[in-house]
Amino acid sequence: WTEEARNSEIDVLFDTVFAPLIASIPKKFKSFYGLDFARKKDICSGWFLTEQQDTTKTCPFVFELSNMPYKQQERLLIKIVDALPNFSKGAHDATGNGGFLAEAAQIKYGDRIEAIHLSEGWYREHTPHFKSSLEDGTLLQLPKDRDIMDDHRAFVLVQGVARIHDVRSNG
């Protein structure tokens, strides 16, 4: 496909799928996202959250992209983030090729974007907060999907630190 044709497909995808989802998000709430970049072996997944008045967070939608060219992933992400109400922060797995999209987002949105390089230290600092938000109910409405639930059950202790093991799954 030509670049123009690929971009046109992204525009249609955004208008038909994502714009209606974003339109349903209350405008007064803050919006956040996290993105795990991938292209061929794995899927690129984007998680979007809104923070309610009582500080609980809900997930209005998740996307998964398979084998989408880098520039079209960038185009789709920017269209989504530009449309989010009260966009506050985004976080990218910037390991390997993910650095491309993290850098593009940092150029566009500045210090609202965090480029993450997963490490034992990162897991040590952030996993306890994530676990407590699941346990105390401040993170609500995870998508009811078997693969997503299995991913959340995939944490293992490695040298006393809860993290996702390096073993790949089919889901």
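The values are calculated or read from the model by the stated rules, or taken from the named source; none is laboratory data. Quick caveat: nothing in here was measured; it's all calculated off a predicted structure. FYI the Cβ positions are ideal-geometry reconstructions off the backbone, even for glycines, and counts take in every protein chain you see. Accessible surface areas use protein heavy atoms only, side chains included; no ligands, DNA or RNA. Shrake-Rupley method; radii C 1.70, N 1.55, O 1.52, S 1.80 Å.
Annotation: peptides 20-27, 79-86, 38-45, ranked by per-residue average of other Cβ atoms within 10 Å with the highest first, follow the order 79-86, 38-45, 20-27. Amide hydrogen proximity for residue 117: with H placed 1.01 Å from N in the peptide plane, the residues at 5 or more positions away or on another chain lying under 5 Å are 94.
Which whole-number percent gives the relative contact order of the chain, counting Cα pairs below 8 Å spaced six or more residues apart?
20
For the chain, hydrophobic long helices are taken as DSSP H runs at least 18 Å long by C-alpha position along their axis with mean Kyte-Doolittle hydropathy of -1.0 or more; these are 70-83.
The count of lysine pairs in the range 12-88 with alpha-carbon distances below 27 Å, taking only pairs 8 or more places apart or on different chains, stands at 13.
Which values, in whole Å and largest first, are the semi-axes of the equivalent ellipsoid of the chain obtained as the square root of 5 times each eigenvalue of the Cα gyration tensor?
Values for the chain, descending: 26, 21, 16 Å.
Projecting the Cα atoms of 62, 91, 31 onto the charge dipole of the chain, computed from C-beta unit charges around the Cα centre, puts 31 farthest toward the positive end. Charges were assigned to the Cβ only: +1 to each Lys and Arg, -1 to each Asp and Glu. The resulting dipole of the chain about its Cα centre is roughly 100 debye.
Accessible surface calculations at 1.4 Å, restricted to protein heavy atoms, place the chain at 61 Å² per residue.
In order along the range 54-63, the Karplus-derived 3J(HN,Hα) couplings, from 6.51 cos²θ - 1.76 cosθ + 1.60 at θ = phi - 60°, round to 8, 6, 6, 10, 10, 10, x, 6, 10, 10 Hz, and Gly and Pro are given as x. Pairwise Cα distances in the range 1-93 exceed 19 Å for 40 percent of all pairs.
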